[in-house]
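A short worksheet on the structure shown next.
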Amino acid sequence: MPKYKLTYFNFRAKGEIIRLLFKVAGVPFEDFRIEVGADLKPPEDWLKLKPKMPFGQIPLLEVDGKELVQTIAIKMYLAREFGMAGESSFDQAKALMWLEAGDDLYNQMSAWVKEQNPDKKEELKTNLKTVTLKFFLEYLQKTLSANKSGYTIGDKLTVADLLAFQLRDWLSTVGEDMTAMYDSYSDVQKLYAKIGAIPAIADWLKKRPKTAL
């Protein structure tokens, strides 16, 4: 079995789906975390490490010492390795579609969380709630309702389901009023409960480090 090491900040954010993939697959990995202060500014540890990173970015996944960055690339690689990428080429393309949509959402969430100007912050939050997150949840609800299996793609767990779970899980730490939006989407709520009940995930939620984001 390959030796895996994940390097990321001590956040959930874009790194948590990667951790969930390992946990569900039951594959051990080194979870190397860079501590970040309450001000969310890049720490000295990261500034020293950044020039050594491909594209100057993390998350970084090392597989037997070989380096891979870019969040979506890492997630799809592991999803394929662990049988959670979708059965057909088309299903794998749909999984990639969901990851890209989720990345767009994460980027908007991150911009909102980090914004210091109160007026701009409220503007970003309003757009997130009334446009981006609303579109995402409506399409996810429509997809789940049509699929009937209880999963986003096909009839088994994929990385797209972990994305749907993690988005809501992460929102619960930064915007409780936004998680209330989920109450309007019954199939999305069922998916969240279903993924959260997977023993490996339920166990991880109890043990994982407590983080601000």
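Each row is one residue, and each column tells you yes or no for (1) farther than 18 Å from Met109 by Cβ; (2) hydrophobic (A, V, I, L, M, F, W, C).
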{"position": "Pro2", "(1), (2)": "yes, no"}
{"position": "Thr7", "(1), (2)": "yes, no"}
{"position": "Ile17", "(1), (2)": "no, yes"}
{"position": "Leu20", "(1), (2)": "no, yes"}
{"position": "Phe32", "(1), (2)": "yes, yes"}
{"position": "Val36", "(1), (2)": "no, yes"}
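Does Glu87 satisfy the condition of being charged (D, E, K, R) and either at positive phi or open to solvent by 60 Å² or more (accessible area, probe 1.4 Å) (or both)? It is true that Glu87 is charged (D, E, K, R) and either at positive phi or open to solvent by 60 Å² or more (accessible area, probe 1.4 Å) (or both). Just to be sure, is Phe29 touching a strand residue (DSSP E or B) at 6+ places or on another chain (Cβ under 8 Å), hydrophobic (A, V, I, L, M, F, W, C), exposed (fewer than 14 other Cβ atoms within 10 Å of the Cβ) and touching a residue at least 12 places away in the same chain (Cβ under 8 Å)? So Phe29 does not fit the description; no.
Set side by side, the residues Lys156, Lys194, Lys142 differ, and just one is modelled with pLDDT of 95 or more, assigned to a loop (DSSP other than H, G, I, E, B) and surrounded by fewer than 18 Cβ atoms within 10 Å (Cβ to Cβ), which is Lys156.
Mind checking which residues of segment 181-191 are assigned to a helix (DSSP H, G or I) and either closer than 15 Å to Tyr106 by Cβ or of a type in the set (Ser, Thr, Tyr) (or both)? Listed by number, the residues that qualify are Tyr182, Ser184, Ser186. Does any residue of segment 161-180 turn out to be in a loop (DSSP other than H, G, I, E, B), surrounded by fewer than 18 Cβ atoms within 10 Å (Cβ to Cβ) and touching a residue at least 40 places away in the same chain (Cβ under 8 Å)? No: zero hits.
When segment 32-69 is filtered for residues that are out of contact with any strand residue (DSSP E or B) (no Cβ under 9 Å at 6 or more places or on another chain) and open to solvent by 90 Å² or more (accessible area, probe 1.4 Å), the ones remaining, listed by number, are Ala38, Asp39, Lys41, Glu44, Lys48, Pro51, Lys52, Lys66. How do the pairs read when you match residues in segment 196-208 that are in contact (Cβ under 8 Å) with a residue 60 or more places away in the chain with residues anywhere that are surrounded by fewer than 14 Cβ atoms within 10 Å (Cβ to Cβ), using Cβ under 7 Å and keeping only pairs 6 or more apart or on different chains? Partner pairs satisfying both residue conditions: Ala200/Gly26.
Listed residues Lys121, Lys134, Lys129; which is assigned to a helix (DSSP H, G or I), without any contact (Cβ under 8 Å) to a residue 40 or more places away in the chain and surrounded by fewer than 18 Cβ atoms within 10 Å (Cβ to Cβ)? Quick ask: steps written out before the conclusion?
Details: Lys134 fails: without any contact (Cβ under 8 Å) to a residue 40 or more places away in the chain; Lys129 fails: without any contact (Cβ under 8 Å) to a residue 40 or more places away in the chain.
Step by step, each of Lys121, Lys134, Lys129 is checked, and only Lys121 is assigned to a helix (DSSP H, G or I), without any contact (Cβ under 8 Å) to a residue 40 or more places away in the chain and surrounded by fewer than 18 Cβ atoms within 10 Å (Cβ to Cβ).
The values are calculated or read from the model by the stated rules, or taken from the named source; none is laboratory data. Note that the structure is a prediction, hence the values are computed from the model and not measured. Cβ: placed from backbone, ideal geometry, glycine included. Neighbour counts: every protein chain shown. These accessible areas exclude ligands, DNA and RNA; they are computed on the full protein's heavy atoms, side chains included. Shrake-Rupley method; radii C 1.70, N 1.55, O 1.52, S 1.80 Å.
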